[in-house]
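Participant: Okay, handing you the structure first.
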Amino acid sequence: MKKKLLVFLIFQLIIVSIVFLYYRELELTPYINVSFFVGGLLIFIGLLIYVVSNGFFDIFTMSMRKVFTFKRNLVDTESMRSPSELLDFPYVPFFQLGGSILLFMGLALLFYFV
């Protein structure tokens, strides 16, 4: 729990530094914009890892390897690992971190309109 909180605080520091470096001022609207992009990027990376690790592209990858290789190298391509075997790390932390950043962005947006 402490590690997740530390990573969240580091990302908040990164967001605030991007806001300060890009906009040259620390306001609520730029924070909302930058946190939306950072949180959305983390969710997108988590979704990409989820799709690839569940074997969605395995058949496509194997068929493209067979189409674009010569027959003498076909044995080598069949022994290659599939993309789902290469991406073997958890995707849930990306969802949790991106969701928490988007939650804080939503709270900032609510604070902005109230």
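Participant: Look through region 77-114, keep the residues that are touching a helix residue (DSSP H, G or I) at 6+ places or on another chain (Cβ under 9 Å) and charged (D, E, K, R), and return whichever of them is most open to solvent (accessible area, probe 1.4 Å).
Facilitator: Among those residues, the one meeting the criterion is ASP88.
Participant: It is to be established whether one or more residues within region 85-104 are over 24 Å from LYS3 (Cα atoms) and out of contact with any Cys (no Cβ under 9 Å at 6 or more places or on another chain). If you could, list the steps in order and put the result at the bottom.
Facilitator: Residues of region 85-104 that are over 24 Å from LYS3 (Cα atoms), as a first pass: 85-86.
Next cut, out of contact with any Cys (no Cβ under 9 Å at 6 or more places or on another chain) only: 85-86.
Among the residues of region 85-104, at least one is over 24 Å from LYS3 (Cα atoms) and out of contact with any Cys (no Cβ under 9 Å at 6 or more places or on another chain), which makes the answer yes.
Participant: Does region 22-32 contain any residue that is modelled with pLDDT of 90 or more, under 24 Å from VAL114 (Cα atoms), among the aliphatic types (A, V, I, L, M) and surrounded by 15 or more Cβ atoms within 10 Å (Cβ to Cβ)?
Facilitator: Looking for residues that are modelled with pLDDT of 90 or more, under 24 Å from VAL114 (Cα atoms), among the aliphatic types (A, V, I, L, M) and surrounded by 15 or more Cβ atoms within 10 Å (Cβ to Cβ), one finds at least one in region 22-32, hence yes.
Participant: Still on this structure: Taking the residues in region 41-59 that are surrounded by fewer than 16 Cβ atoms within 10 Å (Cβ to Cβ) and touching a Ser or Thr at 6+ places or on another chain (Cβ under 7 Å) as candidates, determine which candidate is nearest to PHE94 (Cα to Cα).
Facilitator: ASN54
The values are calculated or read from the model by the stated rules, or taken from the named source; none is laboratory data. All of these numbers come straight from a predicted model, not from anything done at the bench. Cβ sites come from the backbone with ideal geometry, for glycine too, and all protein chains shown count toward neighbours. The protein model used for the area step is the full one, side chains on, heavy atoms only, and it has no ligands, DNA or RNA in it. Shrake-Rupley method; radii C 1.70, N 1.55, O 1.52, S 1.80 Å.
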